[in-house]
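*Asks:* Here it is: the structure, laid out below.
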Amino acid sequence: MNATLQWVSHNKLLTAGLVIVTILALISIIGPHMIDEEGTKIGYAMPDQPPGREYLLGTDTVGRQLLPTIISGMGLTLRVGIIAGALGLAIGVVLAFISGFYGGLPDAIIRGAADTLLTVPVLLLLVVVASTLTSALTVNQVALLLAGITWMGATRIIRSQVLSMRERAYLEVARASGANGLQIIFLELMPNLLPYIAVSFVGAVAQAILGSIGIEALGLGPQNENTLGMTIYWSLYHSSQVRGLWWWWAPPVIVIILLFIGLFLMSAGLDRIANPRLRRAG
Amino acid sequence: MTKGYVARRIAIFFLIVWLAASLNFLLPHLAEVNPIRQRLARLQAFGVASGVTASRATGEEKSLFEETVKTWERKFGLDQPLWKQYIRYIGDIARFDLGFSIVNFPASVLKMILQALPWTVLVIGIATIMSFTLGSILGALMVWRKNSPLLNILGPPVLALSAIPYYLLGVGLVFLLAFTWAFFPISGGYDYGRVPDVSWGFILSASHHAILPALSIVLAQIGFWGLHMRGMMVTVQEEDYMQFAEARGLTDRRLFLRYAMRNAILPQATNLALTLGLIITQGVLVEVVFSYPGIGTLLFNAIRNLDFFVINGIVFIIVLSVALSTLIIDLVNPILDPRIRYQQA
């Protein structure tokens, strides 16, 4: 118990971030069992009802109940973030190892591709791809698409670490005692890379969610699924802010803001573990 | 910096622009999207194109629809073989001819973009430069004056704001400062009924409309610049020349401005140039939230109305601005910082 408290006081940022994200994740896991999925359908309830006893968070202009819509939307948005973040991280780590370990031509190609892609605005790529597809995207397709453009951060961070670790003494020892490439990667390098991998993962998830909400708010997202971004799109589409329907736009905006702040705190906390120099910045 | 380096860098610029233009041309063809057909089908669904709804279309009306599609395809040159279309497209792009809007037919895409561009560049450009200045100072001071109570209270929340997408802040600002308390107009670029001209009245009205969109960008971006600057300052503070300068007994002010800030700002400046290149995409959703008459709203409406030539044109302009700003960075950086040597690209 004491050790836990000590860990918490040493990692205040990380703990705060973890708490926020965990609460949001729990709501989106437990929530769907407590609500009536039917309520997310168009025309289920009276339109434009303010929050009250009958509809906890009110209803929108086309008669969706907002509480169930937002709870199921949280699950969908988190799913996009986690699938895209995990895939992007996996691609990024594999490329980083190839690049950092083998050097030469593969390194030049991977580095060039990462540097070029990093300068391309994510939203733009998504707009191009989404607007050329004939049918609307599904949640999983959005996630796959985002994985393809969130790997660069991980590749850059991990590659530079692999480069600096490659020449360390403990790797020499491992090599001399006959460990093969895979053993070196998983037994020697991975444990040392964990904080960097964690930072990259949180970064990739945040970027994926940002991207997905961005295209959804532009109206290019999954039309038939009530992700948080789509709820924002419809509320903008029906100009809810200027019609005083605050219960429509505010909940998804607040949930997204909380989610981003949670992820931001987590990555700031993890950054301090990975880069001890930052601790001195106060 | 050699002549060879400059030449190579400029060649890469043209290569990137050509690749982007080709992709921009090929992607819709690979996906077999037919913009004309989609657009007309939608018009027909609304009962505009041939005066009947799609569900009641008879055989005769269907052939009429096909004929309309053919006529329009001829008009836009879409009936030619692919390679001919491609050559024409590249030629057009080289002359900055981005074609015509399908939705507002006689209007050319370039003209629509040129009309929207100043709004975006001015508002988002000024907001970016303001947040760069404020954020860099904040980030630097957070390291320099570590014990200042004001900074310790103010700093962290401002840094955390950087995690929030601009447009979501915008939605909140519209509700608070435009809808609840009507300090600022809710949407648009200038007062309704005014004609854009160069007069004080118009400039005043335009600035009044620009404050909220700019504010939502500044609020969110200060933290971004602050975080980067803080990281740079921590690194710079440990350098030997800082200790030496301190040992020489230089004043705190001089140390901060001429030694610490000056060295930490260089990577920031590179970042600023990159961000300015991204100006158009950065503000897309902010503009949508405020119905601001810039490129973002143009793109939003083009997506909504399936106006592919406008989408393509905007995408091309964005790629061009990103490629141009990286070119400028790569050419200017070696002059600014002699430590950077570009031997091999």
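*Asks:* Suppose we filter B:201, B:170, B:189 for residues that are assigned to a helix (DSSP H, G or I), in contact (Cβ under 8 Å) with a residue 40 or more places away in the chain and more than 8 Å from every other protein chain (Cβ to nearest Cβ); which single one remains? Spell out the reasoning first.
*Replies:* Working: B:201 fails: in contact (Cβ under 8 Å) with a residue 40 or more places away in the chain; B:189 fails: assigned to a helix (DSSP H, G or I).
So the residue among B:201, B:170, B:189 that is assigned to a helix (DSSP H, G or I), in contact (Cβ under 8 Å) with a residue 40 or more places away in the chain and more than 8 Å from every other protein chain (Cβ to nearest Cβ) is B:170.
*Asks:* Quick check on my filter: what residues within segment B:274-287 are buried (at least 18 other Cβ atoms within 10 Å of the Cβ), within 11 Å of chain A (Cβ to nearest Cβ) and farther than 18 Å from residue B:168 by Cα?
*Replies:* Of everything in segment B:274-287, those that are buried (at least 18 other Cβ atoms within 10 Å of the Cβ), within 11 Å of chain A (Cβ to nearest Cβ) and farther than 18 Å from residue B:168 by Cα turn out to be B:275, B:277, B:278.
*Asks:* Quick one: would you say residue B:116 is among the aliphatic types (A, V, I, L, M) and within 14 Å of another protein chain (Cβ to nearest Cβ)?
*Replies:* Details: among the aliphatic types (A, V, I, L, M): yes; within 14 Å of another protein chain (Cβ to nearest Cβ): no.
Judged against the criteria, residue B:116 is not a match.
*Asks:* A further question follows. Go over the candidates B:271, B:312, B:263 one by one and state the one that is within 17 Å of the chain's Cα centre (by Cα), at pLDDT below 85, within 25 Å of residue A:119 (Cα to Cα) and more than 11 Å from chain A (Cβ to nearest Cβ).
*Replies:* Details: B:312 fails: more than 11 Å from chain A (Cβ to nearest Cβ); B:263 fails: within 17 Å of the chain's Cα centre (by Cα).
Testing whether each residue is within 17 Å of the chain's Cα centre (by Cα), at pLDDT below 85, within 25 Å of residue A:119 (Cα to Cα) and more than 11 Å from chain A (Cβ to nearest Cβ) leaves just B:271.
*Asks:* Among what's in segment A:114-140 and is over 19 Å from residue B:277 (Cα atoms) and without any contact (Cβ under 8 Å) to a residue 24 or more places away in the chain, pick the residue that is farthest from the chain's Cα centre (by Cα). Explain how you work it out, then say what you get.
*Replies:* Step one: of segment A:114-140, the residues over 19 Å from residue B:277 (Cα atoms) are A:129-140.
Now restrict to residues that are without any contact (Cβ under 8 Å) to a residue 24 or more places away in the chain: A:129, A:132-135.
On the way: A:129: 20, A:132: 25, A:133: 24, A:134: 27, A:135: 25 Å.
Top of the filtered list is A:134.
*Asks:* Only one residue in A:235, A:200, A:212 is within 14 Å of chain B (Cβ to nearest Cβ), buried (at least 19 other Cβ atoms within 10 Å of the Cβ) and more than 13 Å from residue A:80 (Cα to Cα), so which one is that? Even if it seems obvious, please write down each step before you answer.
*Replies:* Working: A:200 fails: within 14 Å of chain B (Cβ to nearest Cβ); A:212 fails: more than 13 Å from residue A:80 (Cα to Cα).
It is A:235.
*Asks:* Hey, could you check segment B:92-136 for residues that are surrounded by fewer than 21 Cβ atoms within 10 Å (Cβ to Cβ), part of a loop (DSSP other than H, G, I, E, B) and of a type outside the set (Lys, Arg) and say which is nearest to the chain's Cα centre (by Cα)?
*Replies:* The extreme case among them is B:96.
*Asks:* Another question, if that's okay. Within segment B:315-334, take every residue that is within 30 Å of residue B:72 (Cβ to Cβ) and more than 10 Å from every other protein chain (Cβ to nearest Cβ) and give me the one that is nearest to the chain's Cα centre (by Cα). Quick ask: steps written out before the conclusion?
*Replies:* Kept after step one, since they are within 30 Å of residue B:72 (Cβ to Cβ), are these residues of segment B:315-334: B:315-320.
If we keep only those that are more than 10 Å from every other protein chain (Cβ to nearest Cβ) too, we end up with B:316-317, B:320.
Values: B:316: 12, B:317: 10, B:320: 11 Å.
For segment B:315-334, the residue satisfying everything is B:317.
The values are calculated or read from the model by the stated rules, or taken from the named source; none is laboratory data. Since the model is a prediction, treat every value here as computed from it, not as a measurement. Don't worry about glycine lacking a Cβ; one is built from the backbone with ideal geometry, like all the others, and counts go over all protein chains shown.
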